1. Just how much of residue 159 is accessible, in Å², when a 1.4 Å probe is used and the result is rounded to the nearest 10?
2. Would you work out which of 131, 11, 309 lies farthest towards the positive end of the dipole of the chain, given +1 charges on the beta-carbon of Lys and Arg and -1 on that of Asp and Glu, about the Cα centre?
3. Taking a 1.4 Å probe, which of 122, 350 shows the most accessible area, and what order do the others take after it?
4. Which trypsin sites (Lys or Arg not before Pro) in region 317-353 pass both tests, a DSSP loop state and at most 16 other beta-carbon atoms within 10 Å?
5. Counting each pair of different Cα atoms once, what's the Kirkwood radius of the chain in Å, rounded to one decimal?
6. On the full set of protein chains, 1.4 Å probe, figure out the accessible area of residue 290 and give it in Å² to the nearest 10.
7. Kindly state, to the nearest 0.05, the FRET efficiency for residue 200 paired with residue 115, given R0 = 41 Å and r defined as their beta-carbon distance.
8. Need one number: nm distance between label points at residue 327 and residue 81, each 7 Å from Cα along Cα→Cβ, rounded to one decimal.
Amino acid sequence: MEGGAETPRKPLPHLCIAVDENDPRSDVLVLLKELRPEWKPEEIKLKYFTEGITNQLIGCYVDSLLGDVVLVRIYGNKTELFVDRQREMENFRVLHQHDCAPELYCSFQNGICYEFVQGEVMDDNLLRQPVIYRLIAKEMARIHSIKPRKDCSSRPILWKKLSELLCLVKAAHSGSPGWPGSEVPRFEVLVSEIEALKQHLSTVDSCTVLCHNDLLIKNIIYNKAEGFVRFIDFEYTDFNYQAYDIGNHFNEFAGVNDVDYSLYPSQELQRDWLTTYLESYKEYQGQKPTVSELEVQKLYVQVCKFSLAAHFSWGLWALLQARYSAIDFDFLRYAAARFDYYFQKKGEYMAMKLP
């Protein structure tokens, strides 16, 4: 159903323009002259979205055509070190082909332009409503059911990505005076913990699927009028462990700006979410959508365990951002919160037995 025949795709247009992140308007107008030549420059309005902590995002529109909004994403400083931009665009287009992502219009030297998804950005209150989180579970199951293209590697990206991040963090902070801060574990501790995680998770048989890998609250759009959710921002989308993608999403209930793990979903909510997910995933696989308590328990344990790896991914990412990002955000505080919660839950989650 979701893994149908591949259709040839036209090459994505690339515009040889570098948008000035400090004064983007004139460069954005050049992009729009190519993408929307019928728009009059004096009528074009720009809306700056401020939620992102990796890139700068600008919505472009004219009042007479509010249904057509072009999003311009300007990549953050040094993000090419840890984001494979070519892979991002390939996966973006695969997801669009399966109606799981907006249309990608073009790339430019330091960013991309794509279609705006109509709806409201998810918030903490919406996220906990059963009707909403079940929609999210179904949408994740739909993406997880997309089969790999013949020319695409489907090996899980997790350990390769963690290894790359470790090397980048070491290089980024080697020339600075001392380690980033006492709240963050020493580099040697991070290395040993990742090795222990890898050894432990190698015994957890989670299947490999196409994952979003960054499903925080602000990357979910809810269209109330049409009753669906869509995911956005596919920078980290790649094949990975099923339980990692779900565990990472559950971690994100705690928020980003003020991380609060008292907001972590209850076991009751998780089990209901996982039941809906498994029903949908089976249906997309062409199986009967009946789910046993044993299947839910197995996935619940897998998700708890892989959520530990998600904390490490974003903790390392934040240490790297602390060194290079120009965005006004306390990345070190965020990294410390991630690692702290990892150590809080490590013993409990590693002790959990698979049924």
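The values are calculated or read from the model by the stated rules, or taken from the named source; none is laboratory data. Everything quoted here is computed from the prediction, not taken from an experiment. Cβ atoms come from the backbone with ideal geometry, glycine included; neighbour counts cover every protein chain shown. These area figures cover heavy atoms from the full protein model, side chains too; ligands, DNA and RNA do not enter into them. Shrake-Rupley method; radii C 1.70, N 1.55, O 1.52, S 1.80 Å.
1. 50
2. 309
3. From most accessible down to least: 350, 122.
4. The qualifying sites are 353.
5. Hydrodynamic radius (Kirkwood, Cα pairs) of the chain is 21.4 Å.
6. 90
7. 0.50
8. Computed distance between label sites residue 327 and residue 81 equals 1.5 nm.
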